[in-house]
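In what follows, a structure is listed as structure tokens, so that the remarks can point back to it.
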Amino acid sequence: MSDSLQLDMNFDKKVSNRLRSALDAGKFTVLVECPLPESEIDQQGAARRLDTLEKSVLACSKDDFNTGLAITDHSLFPRRWRGAEYATFLDRENCDRHVVYISGYDTDEQQAAELIGIAGNAGFCNIVPVSGATPLPCSVRECRKVKFTESTGMLRMLTPEQNFFSGCVVNPFQYMAYPLLGEYFKAVKKLDLGAGFLVTQAGWDMLKVQSFAWFMMSRKLYYPMLARVIVLTPERVEDILAGKVAGVRISNDFRKILEREFHYSNNQFENAQYRRIELQAAGCRLMGFSGIQLCGTENPTKLKMILSRIERALHEYTDFKTWLEEYNAYMASAEMAPFSNNFQLYDPILCRDYPLDEEVLSNDIGEPECGRIESALLKMREVMFKNSAEQRAGHLHFAKVLLAGCHGCQDCRLSVREFVCPEGCPKRLADGPCGGVKPNGFCEHGNFECIHSRIVRFAHKRGTLSQLESTMVKQSSK
Ligand code: SF4
């Protein structure tokens with residue numbers, strides 16, 4: 001795939017990449033999310049809209065404060081442009097300051113390669129591939145009808161020789177051990193496949209933001225990280241509470257805070273969101289993040305105001321303790337987890353900065369949760385399928401169907417995926433979970449355990465968690 005991609009593109013010279021330079025230089029970066037228009041508008045209108053947004057965002061850039069656009073790609077409506085196509089309305093001059101997302105939803109590998117080609121030929125070098133999501137709710141059956149290209153597959157197409165600087169996304173807002181480790185392992189895999197920076201899913205739980213930063217430090221993975229933050233509106237809160245936004249959660253305590261903020265007036269509500277965003281941005285910086293990706297407004301006046309408030313907060317909060325006092329006071333020390341008996345890999349409460357002179361030990365994930373029958377079946381699979389990767393396709397097919405939910409792939413991955421067939425995922429993601437795993441570890445498309453949470457759980461049962469971490473990183477999905 002990467003060969004045909006190369007044929008379609010011009011790679012005659014090394015190009016500058018001001019986003020990458022800013023991240024390398026440690027400049028705090030704010031990428032302003034630019035969603036696709038909700039309906040087809042004329043080309044001139046699209047070009048004007050993007051041009052206005054770009055000008056107002058770039059005007060806020062300073063020596064120590066970098067700004068750019070993140071053009072997303074949620075092609076949930078068939079008549080819309082794709083993000084890479086929409087991005088081409090921007091003038092080439094500043095393309096290296098922006099990021100273009102490419103979604104694998106309803107996209108085959110050839111289409112993904114074409115979109116990468118479109119972005120690359122228009123001068124965009126910063127690309128974030130994501131596996132994508134169907135509009136929720138969506139049943140397993142409906143999801144299975146949709147073609148997904150996994151983010152890891154697209155990362156393999158984006159090589160630095162082609163001047164690409166690719167990023168990847170991670171959802172650190174998981175509250176049970178297995179889904180959380182699945183997310184972390186997949187992020188590491190994406191870095192291993194060449195991603196140069198990370199963007200987190202949106203969330204308000206700063207303890208989870210910190211845990212992810214600590215996990216990265218514990219693995220000595222010092223990559224630029226951006227935290228996605230949302231400007232909430234009452235409508236967005238409704239959508240999140242209704243479960244329409246995959247992987248984004250509002251806890252009960254936080255919901256009550258939002259209700260109080262909305263109680264007085266729209267203005268009061270809006271102001272409260274801006275204050276929270278500036279505190280989130282300052283906290284992220286103190287936790288080692290290189291910036292944020294701001295989602296939820298394209299209004300130039302509001303953007304200018306939010307960006308200047310963020311910049312001011314970065315100057316105001318320069319030590320962790322002062323920031324934490326202010327953050328806890330503002331959030332009334334609210335519980336941000338969706339349920340009380342949740343798993344934290346490190347500290348159970350947000351109370352301290354990373355101690356540079358000592359290694360932070362992670363918490364034990366407890367006894368493996370595996371009943372007697374499940375354990376016996378797992379043992380049986382281990383005995384029967386341990387060499388499946390080397391055996392011809394179809395070998396022991398019926399036993400694999402019965403015991404491991406085999407989908408009859410040409411290259412069997414049972415032996416490197418804890419004897420769980422990754423094709424059992426409704427999106428057929430083989431390299432790790434999507435960002436939409438429910439808080440209880442269930443699939444976003446049904447009432448069953450996410451198959452990647454199950455893979456991590458079985459690895460814990462078999463005592464092969466560290467091997468899983470390394471094989472998830474090293475083993476190609478296909
Ligand atoms: S099985 Fe897991 S990775 Fe697959 S769609 Fe469901 S939640 Fe996402």
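The values are calculated or read from the model by the stated rules, or taken from the named source; none is laboratory data. Here the structure is a predicted model, which means the values were calculated and not measured. Because the Cβ atoms are built from the backbone with ideal geometry, glycine has one as well, and the counts that use them run over all protein chains shown. What goes into the accessible areas is simple: the full protein's heavy atoms, side chains included, and nothing from ligands, DNA or RNA. Shrake-Rupley method; radii C 1.70, N 1.55, O 1.52, S 1.80 Å.
Out of 88, 149, one residue alone is closer than 30 Å to residue 451 by Cβ, crowded, with 18+ Cβ neighbours inside 10 Å and either in the same structural domain as residue 295 (by TED's automatic domain parsing) or in contact with a strand residue (DSSP E or B) (Cβ under 9 Å, 6 or more places away or on another chain) (or both). It is 149.
For the range 390-408, the criterion of being within 16 Å of the ligand (Cβ to nearest atom), under 15 Å from residue 182 (Cα atoms) and open to solvent by 10 Å² or more (accessible area, probe 1.4 Å) is met by no residue.
Filtered by the rule that a residue be part of a helix (DSSP H, G or I), among the hydroxyl-bearing types (Ser, Thr, Tyr) and at pLDDT 90 or above, the range 348-395 gives a lone residue, 375. Among the residues of the range 152-163, those identified as open to solvent by 20 Å² or more (accessible area, probe 1.4 Å) and of a type outside the set (Lys, Arg) are 159, 160, 161, 163. If the condition is being assigned to a loop (DSSP other than H, G, I, E, B) and near the ligand (Cβ under 10 Å from one of its atoms), then the range 412-430 contributes 425, 426, 427, 428, 429, 430. Of 454, 462, all but one fail to be more than 11 Å from the ligand (Cβ to nearest atom), more than 13 Å from residue 184 (Cβ to Cβ) and not β-branched (Val, Ile, Thr); the exception is 462. Scanning the range 1-39 for residues that are surrounded by fewer than 13 Cβ atoms within 10 Å (Cβ to Cβ), part of a loop (DSSP other than H, G, I, E, B) and at pLDDT below 55 turns up 10, 12.
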